[in-house]
Each structure stands twice: as C-alpha cells, then as structure tokens.
Amino acid sequence: MSEVLAKAQCPYCGVSCGLEIFKDKKGRIKIRGDKTHPANFGDVCLKPIPLPKVMDTGRVPFPLYRENKKDQFKEISWEEAFEIIANRLLQNQPDENYFYISGQLTTEDSYIINKFVKGFLRTNNIDANSRLCMASAVMGYKLSFGSDGPPGSYEDIDDSDAFIFVGSNAAWAHPVLFKRVLRRKKEYPESKIIVIDPVKTATAEKADLWIDIKPGTDTALFNSILYILDKKGWLDYDFISKHTEGFLEALEEARKYPPEISSKICDIKESQIYKLAEIYAFSKKVISFWTMGLNQSSNGTMKNLSLINVHLATGRINEKGCPFSLTGQPNAMGGREVGYLINGLPGYRDVRNEEDRKFMENFWKIPEGSIKDKPGISAVEAVDKMIDGSIKLFWIVCTNPAVTMPNLNRFWKALRNTFVIVQDAYMTDSVDYANLVLPATQWGEKEGVMTGSDRTITYNRAFKKPPPNAKHDWQIFCELAEKLGWKDHFSYRSSRDIFDEYKKTTEGRLCDISSLNYEDLPRQWGGKWLYKDKKFPTPSGKARFNRAIFKEPEDKIKYPFSFILTTGRTKKQWHTMTRTGKSLELLGDEAEPYILINERDAFELGIVDNDYINVRSKRGQIYIKTRVGSIKRGVLFAPFGYGKIHHFPTNILVSDAIDPISKEPELKFSTVYLKTKKKRIHRLSDETYQTVKATYNHVKNFLEDAIEIGLNSKKNQLKIDNESIKLITLRTRELIELFILHPTDWEKAMILNEKIAHLYISLNFQPEDQKILTEGFSRGMRKIFDLNREDLLAWEYTYEFLSHGVFEIVKRHYEEKELKK
C-alpha cells in the first residue's frame, strides 16, 4: 500500500487538476491524479509527474545581496535583508516602488501582498504576470457581464455538441481538459471540434475543421459571424430582448464586416465563416474556449468582446453554451479574486469605486483615503518609468519576467537601471538583474488555496519541509510589515488565519466563499453556472453587447519581405521551465528552442529542418533552429519559455505594443525578418535557357513593346507614370538581352541589377510588387507573341528569375531601413 502524504492542486496550468502526493513501497515521493477531484477525476498530464525529483534543484540558498549589479552576491541574514528593504521603501515615495507578482502564488500570498502594497504602502503599483496573459479576458468578461469570472464550468463539456478553440492549443497547454472534450467526441461522434489558429497545432490535428486565420484578425471574424447571424435571422431574439442591452450598437459595427470583406482581412475562405455561423446558430450547446491567441493582442479586449457578442446574440449561456476563457496559471483566478492587478481589491472590488475603497479601508482598519482612487501603472508601461528613474524599486515575486516580458532588450535595460528584488524559490534568469534575492518556499512546502479556470478552489497541503533559510511569501511581507511598524495588521500565524480573514471580504459578492473552510475544499464558488438565472451584476441586471472595433496590429507586415512571429508553449514544458526544464523525462525533444516555418516558405528561402537562422526585428535579433511544418504561410511560431541559458530568449523580438483597455501586450504578432546562413540558389534549368535563347530572334523586335504593355496593365497598382514605364522598360530589356547574349558577364549583370533596384526603390516599389511585375510581363508577352505554352512559360520563368536578383536588393534596402527605426 502507498502512503498518501497530501492532496493538492497541480502547480502548472489553469485546469487545476487535483493531485495525490504519495510514497511508494521504496519510500520515494511520487504524484498521481486525485480521482475524487472534480477538475480531473484522476486524470493527469505528464508535467507534474517528475516534479518531486527536481523540487530541490537550483534553489536560492539564503538571502543574497549586492549594491552594484556588477559585483558578486554575498550572503546576508534575513534581518539585514529586511533592513535594506525597509530603508529603500521609506526613502522612496510610494509610487516610486513597483511590485510584480504571480498567478503561481497561493491566494493567501496574493492577499497579503496586495494588502501590504495598496493598503499600507499606499500605492497601486502592483501588477501580476496575469497582465501578460489574462488581462484582456478579464476586461471582456467585465464589460460584457459586469464582473470577472467564467460563466460556465467543465461539467458543460459533457453535454455540448460543439467546441470552438480560438487561439488555444489545449491539447498541449490544457491537456486534461482537452481529453475530456475528446471523450465527449467519442461518446457523441456528431459533436464538432473547430480550431481557429494560424498553426496546425495538436488541437487542430483532432479537429473537424481547422481555420488558419491570419494572426490579429479575430475581431473581424467574429463580427462577420454576427453579420451572418443577423442577415439570416438566426438570432435568439427572446434572449436578446430579456437579458441583454446594447445589441444595436454591436450590430452596427458588425455590419461593416460581411464575409467577403472579413475573409480577405483574416485570409480565410468565406465558406469557413458561414460554417462557424451555422454552428453557433444550430448546435445544441456551444462552448468557445480561448486563451492567448485572443488575449495577447493590442486588439485583445475587442477580440474577447466580439466572441462574447456572438454568444449573447445566440443565447449561448448556461444550458446552451459558454464563452470560456482558459487561464494559463494555477492561481491566476485566485489572484484576480483578491484583486492583485493594478486596479483590483479583494472580492472583485475596484480601487476606482469609492464604496469598494471605503469597505476595504474599514475592513483593514486604515484611515479613509489610504487606498488611492486611480489604478497603478501596468507592468509593460512601468518599463519606461524604470528607465527614466520614476520607479526606483522593482520587486519580483514568484515569476521570471526577464524571459517573459515583451521587447526584452528594453526591459533588461530597465532592470539594470532599477533596484531589483527577486523573491523566488529558484535562481531564475531574473536573478541576473537583482540587487537582493530572497529565498521563498514553493508549492509542496506551504499550504494555501488556489482557484482553477472553472472557479473550483482547492486546498493545497504541504508534504515536504522547505530549505532552512526559505520563508513563505506571505510570511516575508508580514515580517517586513512588522519592521515598518504595522505588526498589529499583519500578525498572522498561518495561512489559515489569512484565508479566514480574506474570505470575509467576499461575503455577498459574486465570488462569495465566506462560508467555506479548508476542510470543505475542493469546492466551486458560483455553482455550475455563474449566472444561472441569467441575471448579471450590471446596473440593469442585463448582459451587455459591446461595439467590437477591429484594429490592425501595431507592427505592420509586408510578406514575403517580412513575417509574422507568434509565440506559445511546448507540449511538456511550462512557462520559463524553472521546474519542468530540470526534468530529463520532460526535456526529451524539447531541450532546445525552435522556430516553426511553413513548408513552402522554407523551400523558397532554402531552409530545411534543423537549420540555424538569424531572426531579426526592430527590437533585437536571435539565432534559432528551424522546424518545417504545418503553419500558415507568412507566419512563424516560436516557444517563449527558453531563457538566457539558451542564449536568445524569443521575446527579444516581441512587440511591446499594448491593448489600450486591458494594457496586455501584443505577444502574438511581431514583424520579423529572416536571414538564412544559406540561401536557396535561384537558377533556371538549361532547357529553359535554351528555349528562351532559341526564340529570342522571334521576340527581340517587339520585346520592349511587350514589357511596356505589361507595365501599362499594372500602372494603377504600381502607381507609376509614363516616363517611369519607359525607363523600367529600357532597363528590363537590357537585363534580358544581357542574360541571353552574355550569360557569363556577372559583373555587368550586378551593376544593372543595382540600377534597376535603385529605380524601383525611388518609385517606392515594395518587395511584394515582384509578383505584380511578373504578372504584367506575362500579360504583355501573351498579347504580342504567338508562342506555344512551353515557350511562354520559359520566358515567364526567365523574367521571374531575373527579377529575383533585383528584388533581393530591394528587400535588403527596406529591411535595413526598418531595423534602423
């Protein structure tokens, strides 16, 4: 018989599976799924299984300090560490301090840190890594339903007949949930799985329909679906009338996006939009799952709203469906419940609400006005303040932003300019930029609660002793509070004391857990359906439609001159691999980062599997191994979690543009340029050359005419005048004749290529105009010459071949110009 040491929630993704930690017959600590837990009923993925083997590897041994980041760390005592921090906090103005915490903390940890910062240090400059993943989903829910919190639960999977995954590779990122979907598919084969993603992910491999959408365009897609639903009369008019408001404004915006327009914006087939509309209209029950593909965008809030609008328009709430945002961390939900973002207060309260502020000030027994009425600065916006010196202290708790933040070169600069505290169990990449490092306990060494994606709260028991110098995260802030004279307000002896205080703040709130104790858990607050009577926490009691306004991403793309980079996770690794990366069982074929490229794009660039290429953006560059596979043309995918030990974290390249509402960064759309070590050699076959040479005498007298006719046919597209047409015609004829009559005169050919390229640049020709010129040349040749099909193709191939050399110079010019910005 095995000895069960503890039950806990998995410390990785937001599915929040229940685990049993036990000792086997040989006394080894192992992990298995908890068959009694409602999130997973004993199922479990690969990630947590090896965790006991690696928990002690790479730990922070004791408090470490250096005044100058160029110096080596030295060991100090906890008393010395608290003295250093207290002096820094007291000499700084409140808003000169910044706290960046994590969805991996327990709810008790986050509650204490939030209380310390907002209530007693009196700044709202506290944000969490949820800013990078869930902020847009939070705003989508709040603007639509009046509050954060997913409306449905995992139980809804078991009787649904349509599952739409948008920007979510659940098969890798939320595998236990996805297996539940597949079980439903097996039980009810008529059910449909639709995946909307530019990458043919493991989730897409199991789908009935894969829609390879262009990144950043989801708002246009869901507006178009609403357009069709309205046009066909497939709306739930009864639900709209009784339970919603703002429908006409949302519909007015959606009517700008008929399928013929949206299909071009999204670069998908019109038929796919019609198919989605049918699924939302006629399925028995539809669940739309989404994650970072919608959220991590400068249009992220609008993407969320456009999807929720479709659910409201078809009444797909409760028994008919659910718009279900999947969280990426084990306690991002719990953090949101305690208000650990820049605007939040416990119990889904907000610093901008006077009643909420007064309640918490009275509850915490602090003077009225202690809590500021304006949100703090978001994590991405704080970077500028760190660089200009407005923020003097940056305290990182249980996360690794030196790998995960966008535009890393700029963020590293900010860290170098700021006094940085890293509070963590492990020596992470962020430690490289720290002045002070505090050893913290981790999951398995402390107790506390976490909330999963479907609002289920689980009590985590400790099963092993922490290292001797490590302290609980809540304990660190309580002891610092004592140092600062706030002992009476932070005199907690255990996490249970904290939980018992926190839960009182939720009484009468949507996330009410005031009647629960540790012994009652796991338990789902809000029940199966959060709005079971279809009454919503808005002034009118109705859900809100919102005008979902589509906006192009901040970075601009000019394929094939530049590519779209999108990022995500791998199958067996999690976040920045702090624990999973130490497990040989999980590393396997994921030991090294890679960049995924479309097969056709790879062929045209001369790239094969396992090539190392240079990928550049205006923010920096990396060298990375290639993987050729199924992904939309013009799009690249790279995992974000590989740190500096792999030399080049992906987020060096990534845009730090943010959504104006959620302040979430655009991690899913960045313009990049590829530079391969070896280029594909563009050459003509000898047969093609001989065909062109043999027919040259037949065409030479009218070759200029053919070129000029072709250019005139594309005159409006290219925006060129008659004088430019004559000059291009002359240069093109010279190049063709040089190639046919003097094919080995490379020096003269290069000079002529440069002349033509500079002419094109002066006319503002773009790399994509190569295709337009080739089409025009083909049209002119067909109009003037009576050549057979094979001969005409030979001339087209020759023109395209010669144009390639010219446009390589054009591409290089624009790339250098763009990168200089």
| said: Condition (residue is under 25 Å from Glu818 (Cα atoms), outside any strand (DSSP E or B) and at pLDDT 95 or above) applied to segment 634-642: is it met by at least one residue? | reply: yes
| message | Return the residues of segment 215-259 that are small (Gly, Ala, Ser) and either surrounded by 20 or more Cβ atoms within 10 Å (Cβ to Cβ) or under 13 Å from Ile549 (Cα atoms) (or both); say none if nothing qualifies. | response | Gly216, Ala220, Ser224, Ala250, Ala254
| message | Regarding segment 392-403, can at least one residue be identified that is over 30 Å from Arg579 (Cα atoms) and either part of a loop (DSSP other than H, G, I, E, B) or open to solvent by 20 Å² or more (accessible area, probe 1.4 Å) (or both)? | response | yes
| Test result for Tyr111, in contact with a Phe, Trp or Tyr (Cβ under 9 Å, 6 or more places away or on another chain), touching a residue at least 12 places away in the same chain (Cβ under 8 Å), open to solvent by less than 10 Å² (accessible area, probe 1.4 Å) and assigned to a helix (DSSP H, G or I) | yes
| remark: Just one listed residue, out of Leu773, Leu793, is under 25 Å from Asn697 (Cβ atoms) and open to solvent by 20 Å² or more (accessible area, probe 1.4 Å), and it is Leu793
| task | Considering each residue of segment 499-515, count those that are within 13 Å of Tyr459 (Cβ to Cβ) and touching a strand residue (DSSP E or B) at 6+ places or on another chain (Cβ under 9 Å), and give that number. | result | 2
| field | Number of the condition not met by His758 [criteria: (1) open to solvent by 90 Å² or more (accessible area, probe 1.4 Å); (2) modelled with pLDDT under 90; (3) under 48 Å from the mean Cα position of the chain (by Cα); (4) of a type outside the set (Lys, Arg)] | value | (2)
| task | Would you be able to say whether some residue in segment 484-499 is open to solvent by 20 Å² or more (accessible area, probe 1.4 Å), outside any loop (DSSP other than H, G, I, E, B) and in contact (Cβ under 8 Å) with a residue 40 or more places away in the chain? | result | yes
| request: Any chance you could count how many residues in segment 702-732 are under 17 Å from Val692 (Cα atoms) and either buried (at least 17 other Cβ atoms within 10 Å of the Cβ) or small (Gly, Ala, Ser) (or both)? | output: 4
| field | Test for Thr203: is it modelled with pLDDT of 95 or more, on the phi < 0 side of the Ramachandran plot, of a type in the set (Ser, Thr, Tyr) and within 15 Å of the chain's Cα centre (by Cα) | value | no
| If we scan segment 336-343, do we find a residue that is more than 30 Å from Arg619 (Cα to Cα), crowded, with 20+ Cβ neighbours inside 10 Å and among the acidic types (Asp, Glu)? | yes
| said: One residue is enough: does segment 271-283 have a residue meeting the conditions at pLDDT 95 or above, under 22 Å from the mean Cα position of the chain (by Cα) and surrounded by 24 or more Cβ atoms within 10 Å (Cβ to Cβ)? | reply: no
| request: State yes or no: is Phe82 touching an Asp or Glu at 6+ places or on another chain (Cβ under 7 Å) and modelled with pLDDT of 95 or more? | output: yes
| task | Within segment 18-32, work out how many residues are open to solvent by 10 Å² or more (accessible area, probe 1.4 Å) and in contact (Cβ under 8 Å) with a residue 40 or more places away in the chain. | result | 1
| query | What are the pairs, 6+ residues apart or on separate chains, where a residue within segment 218-230 that is within 14 Å of Leu305 (Cβ to Cβ) has its Cβ under 7 Å from a residue that is hydrophobic (A, V, I, L, M, F, W, C) and open to solvent by 10 Å² or more (accessible area, probe 1.4 Å)? | reply | Thr219/Met302; Thr219/Phe550; Ala220/Ile265; Ala220/Phe550; Asn223/Phe550
| If you scan segment 157-216, which residues turn out to be part of a helix (DSSP H, G or I), closer than 20 Å to Val310 by Cβ and of a type in the set (Gly, Ala, Ser)? | Ala170
| query | Picking from Ile613, Ile624, which residue would you name as being without any contact (Cβ under 8 Å) to a residue 60 or more places away in the chain and open to solvent by less than 20 Å² (accessible area, probe 1.4 Å)? | reply | Ile624
| remark: Here the qualifying pairs (Cβ atoms under 6 Å; residues six or more apart or on different chains; first in segment 135-152 and in contact (Cβ under 8 Å) with a residue 24 or more places away in the chain; second acidic (Asp, Glu)) come out as Ala135/Glu664; Ser136/Asp659; Ser136/Glu664; Val138/Asp148; Tyr141/Asp148
| query | Quick check: is even one residue across segment 516-535 of a type outside the set (D, E, K, R), farther than 21 Å from Arg461 by Cα and touching a helix residue (DSSP H, G or I) at 6+ places or on another chain (Cβ under 6 Å)? | reply | no
| task | Specify the residue that is nearest to Gly300 (Cα to Cα); the eligible residues are those in segment 581-600 that are open to solvent by less than 10 Å² (accessible area, probe 1.4 Å) and modelled with pLDDT under 95. | result | Leu586
| query | Just to be sure, is Phe785 open to solvent by less than 70 Å² (accessible area, probe 1.4 Å) and more than 37 Å from the chain's Cα centre (by Cα)? | reply | yes
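For the structure I just gave you, tell me whether Thr451 is out of contact with any helix residue (DSSP H, G or I) (no Cβ under 7 Å at 6 or more places or on another chain) and open to solvent by less than 20 Å² (accessible area, probe 1.4 Å).
For Thr451, the condition - out of contact with any helix residue (DSSP H, G or I) (no Cβ under 7 Å at 6 or more places or on another chain) and open to solvent by less than 20 Å² (accessible area, probe 1.4 Å) - is not met.
Working carefully through the options Leu730, Leu819, Leu735, find the one that is modelled with pLDDT under 90 and of a type in the set (A, V, I, L, M).
Leu819
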| In segment 8-46, the residues that are among the charged types (D, E, K, R) and either out of contact with any helix residue (DSSP H, G or I) (no Cβ under 6 Å at 6 or more places or on another chain) or more than 30 Å from Glu155 (Cβ to Cβ) (or both) | Glu20, Lys23, Asp24, Lys25, Lys26, Arg28, Lys30, Arg32, Asp34, Lys35
| said: One residue is enough: does segment 469-481 have a residue meeting the conditions among the basic types (Lys, Arg), under 18 Å from Glu108 (Cβ atoms), in contact (Cβ under 8 Å) with a residue 60 or more places away in the chain and in a helix (DSSP H, G or I)? | reply: no
| request: Please state which one of Ala81, Ala6, Ala39 is open to solvent by less than 50 Å² (accessible area, probe 1.4 Å), within 29 Å of Ile421 (Cα to Cα) and among the small types (Gly, Ala, Ser). | output: Ala81
| Considering only segment 733-743, how many residues are open to solvent by 30 Å² or more (accessible area, probe 1.4 Å) and either at positive phi or part of a helix (DSSP H, G or I) (or both)? | 5
| query | Can you name the number of the only condition in (1) over 18 Å from Ile112 (Cα atoms); (2) touching a Lys or Arg at 6+ places or on another chain (Cβ under 7 Å) that Pro468 fails? | reply | (2)
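The values are calculated or read from the model by the stated rules, or taken from the named source; none is laboratory data. Keep in mind that what you see is a predicted model, and the values were worked out from it rather than measured. When we count neighbours, we look across all protein chains shown, and the Cβ atoms used for this are built from the backbone with ideal geometry, even at glycine. Just the protein is used for accessible areas: all its heavy atoms, side chains included, with ligands, DNA and RNA removed. Shrake-Rupley method; radii C 1.70, N 1.55, O 1.52, S 1.80 Å.
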